[in-house]
Amino acid sequence: MTPNPADSIMECIDQLAKISESPNWLTRKYLTEQHKLANEQVKSWMQGAGMIVHQDAAGNIVGRYEGQTKQLPALMIGSHLDSVVMAGKYDGPLGVLSGIAVVQALYDQGVRLPIAIEVIGFADEEGARFQSTYLGSRAVAGNFDETLLSTLDESGISLRDALMSFGLPPNEIINAARSNRDIFAYIELHIEQGPILEKKNLPVGAVTAISGAQRLKISVNGQAGHAGTVPMKLRVDALVAASECVIGVEKIAMEISGVVGTVGQLITSPGAPNVIPGNVEFTVDLRAEKDRDRDLAFLRIKEKFKFIANKRGVEITFTVTHVAKSIDCDPRLIEVIGSAISELGWSVENLPSGAGHDAAAMASLVPVGMVFLRCKDGISHSPEESISNEDASIGIEVLSEVVRKIADDYSRYNFG
C-alpha cells in the first residue's frame, strides 16, 4: 500500500475491479474463480496490515488485528466483495479497504488498542448468482438457511455444488457462525448509493436504519404459438400479461408512501421473433423503511397479478427468494459516528438507507452502525459509480475516529 491511505485504497479498488468475469465491465459473483482471486488479493493486503487472516466456511475473508488483551471480543468492520452484473467498483470494496486502512495505520505506528479489530470481506451480499442476498453475512450471524443449498444459478448449478467446487463443504457452512462473545459490534462504511449527501454538500453521514427488502421470482405461463397464424383474440400471450404485471408493480409502489418496487430481470421463452411467448419469468424487488408498508405492497401485488391471470387466461406463480426485515442502527453507534463526523468539522446528517447492506444481517447478532460516503450523482450499481479521493480520505478519518472513540471508552458503550 502507498503512504497516503486514500490513494492506497483507491488503487486497491482499481486493482480489485480488474478481477471480473467480463473484460468489459465488473461482474464478480459468489463462489466463482473471481471470488477466489479477490479473496486471495484482500488476504495479502490484510496480512500486510498485520492481521491474522482466514477464509471461513461460507467463503468470507476475515482478518483479525489483536488487541492488548488477546481473545477479547472484537469490533468488526467490513462490507462485501461480490458485485452485481455491470457493477460499480466502490459498492462493497470501499468498506473493506477502508477497514484495512484503519488497521494499517495502527500497525504502522505499532499501536495495539484495548479491543481487537476484525475486518471482513463478505462473500455474497448482492445475491447476483443465487438470487438470495446476504449469504455471507447471514452465515456469520448464524442465520444461514440450509434450504437455499438446493437453489440453482442460471447455469443450473446448485449452491451446494458451487460450495463443493470452491472447496467449502456445504455441511460445514454453519461453522462460519460467530457469537457476540467473538464480536461486540459491527461497523460498515459504504457509498450512499443515493443523492442526499451530495445535494447537501456533505461528504459523510450517519445511517439510522436500513430498509427491509423482499425479492420475488414470478413465472407467467401462457401458450406459445405461431406469430402469423394465431388470431389476436385467441392468444394467451405470457409476455403481454407479464407487461401488465410490471406496470402494476410500478403503480402499486407509487401509491404507498416509502415503498419502491423494481422489476430488474425479465426472461422470455421461447424467445424467437416469430413465436408468441409461452412463458415469462421476471423478478420483483420490494423495499421500504417500514415492514408494514412493504407487506401491504406485496399483498396488493399478489391481488393485482391474480386479476391479470384471470383476465388473460395465464397462470402466474410466485417464489419468494429473499426477505429481510428493516432494521434500526444502534443508537449508541449512531451517536459515536455522529460525534466523529462533528469533531472532524462536518455537519451531521442522519439518514436512512434505502439499499440493503450486510449490516442488516449482522444486526441479529450484534449492534450495528453505518457510515455513508457521498457518491457522484447518487449513482450506484453502474460502471458510472464514482467517489473522490478527498471523500475517501474523509471516510477513513471518520472510521478511524469511530474506532478510537469506542476503544477509548469501551465500558461506556457496553456493547455485546
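We did not get these values from a lab; they are worked out from the coordinates using the rules stated. Just so we're clear, the structure is a prediction, and the values are computed from it rather than from any experiment. Here the Cβ is made from the backbone with ideal geometry for all residues, glycine too, and neighbour counts use every protein chain on show.
Structure notes:
- Correct choice for Rg/Rh (Cα atoms, Kirkwood Rh) that was computed from the model, options (i) 1.03; (ii) 0.97; (iii) 1.01: (iii)
- Descending semi-axes in Å of segment 8-105, equivalent ellipsoid built from Cα gyration tensor: 25, 14, 11
- Charge dipole (segment 227-344, unit charges on Cβ, about Cα centre) - positive-most of 258, 234, 327: 234
- Assigned charges on the beta-carbon of Lys, Arg, Asp, Glu; the chain dipole about Cα centre (debye): 1140 debye
- Estimated dipole of segment 301-346 in Debye, rounded to 20 [Cβ of Lys and Arg +1, of Asp and Glu -1, Cα centre]: 620 debye
- Helix 331-343 vs. the chain, principal-axis angle (Cα, 0 to 90°, nearest 10): 60 degrees
- A simple packing score, the average count of other Cβ atoms within 10 Å per residue, orders the peptides 302-308, 203-209, 131-137 as 131-137, 203-209, 302-308, with the highest score first.
- Reachable aspartates and glutamates, given that their alpha-carbon falls under 19 Å from the alpha-carbon of residue 36 and they are not under 8 places away in the same chain: 14, 21, 56, 82, 91, 124, 125, 126, 153, 161, 172
- Taking every DSSP helix (H) stretch of at least 4 residues in the chain, weighting each as -39,500 (n - 2.57) and dividing the sum by the residue count yields a mean residue ellipticity at 222 nm of -11000 deg cm²/dmol.
- Note on residue 199: lysines with a C-alpha under 24 Å away, same-chain residues under 8 apart excluded, are 89, 376.
- In order along segment 62-67, phi translates into HN-Hα couplings of 10, x, 10, 10, 5, x Hz, rounded to whole numbers, per the Karplus curve 6.51 cos²θ - 1.76 cosθ + 1.60 with θ = phi - 60° and x for Gly and Pro.
- Stretching the chain fully between residue 68 and residue 315 yields a gain of 82.7 nm (0.36 nm per residue, less the alpha carbon separation).
- Calculated FRET value between residue 155 and residue 292, using beta carbons and R₀ = 35 Å, to 0.05: 0.40
- Cut-off 10 Å between beta-carbons: net charge of the residues surrounding residue 116, Lys and Arg +1, Asp and Glu -1: 0
- Between segment 42-60 and segment 239-290, the Cα center-to-center distance that results, in Å: 40 Å
- Within segment 212-324: Cβ-based charge dipole about Cα centre, in debye rounded to nearest 20 (Lys, Arg +1; Asp, Glu -1): 220 debye
- Over 21 Å (Cα to Cα) - which of 217/302; 251/302; 18/200 fall in this group: 18/200
- Most mobile listed residue (154, 250, 40) in the chain, GNM with C-alpha springs under 10 Å: 154
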